[in-house]
Structure formats: C-alpha cells, structure tokens
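Every number here is computed from the coordinates shown, using simple stated rules; none is lab data. Just so you know, these numbers come straight off a predicted model, no measurement behind them. Note that each Cβ is placed from the backbone with ideal geometry, even for glycine, and that neighbours are counted across all protein chains shown.
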Amino acid sequence: MTGRIFIIFVATVLGAWLYVRFAPQKSARWHMLPDVSGVGDTREVGSFLAARRMTAPAADVLTELDKIAMATSRTRVVAGQVAEGMVTYQTRSRLWGFPDYTTVGTQGDLLVVYGRLRFGQSDLGVNKARIFAWLDALGPLTEPL
C-alpha cells in the first residue's frame, strides 16, 4: 500500500514539474506594460513594477538593459526587441523552472520594468530582486529613487 502511495506521489510531482516546464505560453499576454504616471515602485500580488527617469537616450538605455538581462541565468527573449522599444524576457527558476516574465520599455523619459510570475501568488521577492539588480547594473543611465 505505501509503495502505491509513493508511486502516486512521485507521478504527481513529476506531472506538476512537466506542466510548469512545458505549459504553452502566449507571448502577447506577457508582452505589455501598464501606464505609469511617474517615478516609483509598485508591488502587487504576483508582480513588481519599477519606473525610473532615464539620463541617456532611450535606445542606449534599452540596449544596455538588454545586455544585462541576457547575461542573467536562465533568461531568454520571448517577445519584442530593443529596436521596437519594448522587450519581454522569461527567466526560469533553477529547480522547478517556474517562469517569470519581465517586460522593459519606455514611456516618455521613463524606463519601465515590469516583472510578474506565471504560477502562484508569491515569488518570494525574486522579481523585485531581479529588477533592482538590473537597474543597479544600469548605473548612471537612470536616476536612483
């Protein structure tokens, strides 16, 4: 009896892992930015948004941020490109492969970085930490809060 329970448990965990890894994604659902009214940070359930004033041309800021994002482990572009002025990245967690989506773009003289999780309601601060790391790496291309 315990052997069957163990097999059911393992099959359930494996099934959940496979779903998280291979569930279809609709890029259009994630490739968007909310309108922001000014500089600041906003945290909501499952998401984190940061807006910073740029101190360099938007194309330069987005190009540098793209380099930073692509140097982040387990990160890839899922929609957009720097030349369009908006890019959405997917970053997967190491163990389970949970996908988080981070969209970067500009609105006027603001750089907007919007990170959110796909599964669950809490990312344990991972999106916020990633966004702050990316913004810190930009250095003087944006104004600090």
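A few points about this structure:
- Matching residues, region 51-67, being out of contact with any Gly (no Cβ under 8 Å at 6 or more places or on another chain), surrounded by 18 or more Cβ atoms within 10 Å (Cβ to Cβ) and among the hydrophobic types (A, V, I, L, M, F, W, C): Met54, Val61, Leu65
- Of all residues in region 1-54, those satisfying the criterion of being over 22 Å from Arg130 (Cβ atoms) and either in contact with a His (Cβ under 7 Å, 6 or more places away or on another chain) or of a type in the set (Val, Ile, Thr) (or both) are Thr2, Ile5, Ile7, Ile8, Val10, Thr12, Val13.
- Here region 116-145 is the region considered, the condition is being crowded, with 16+ Cβ neighbours inside 10 Å, not aliphatic (A, V, I, L, M) and not in a helix (DSSP H, G or I), and the residue that is farthest from the chain's Cα centre (by Cα) is Thr142.
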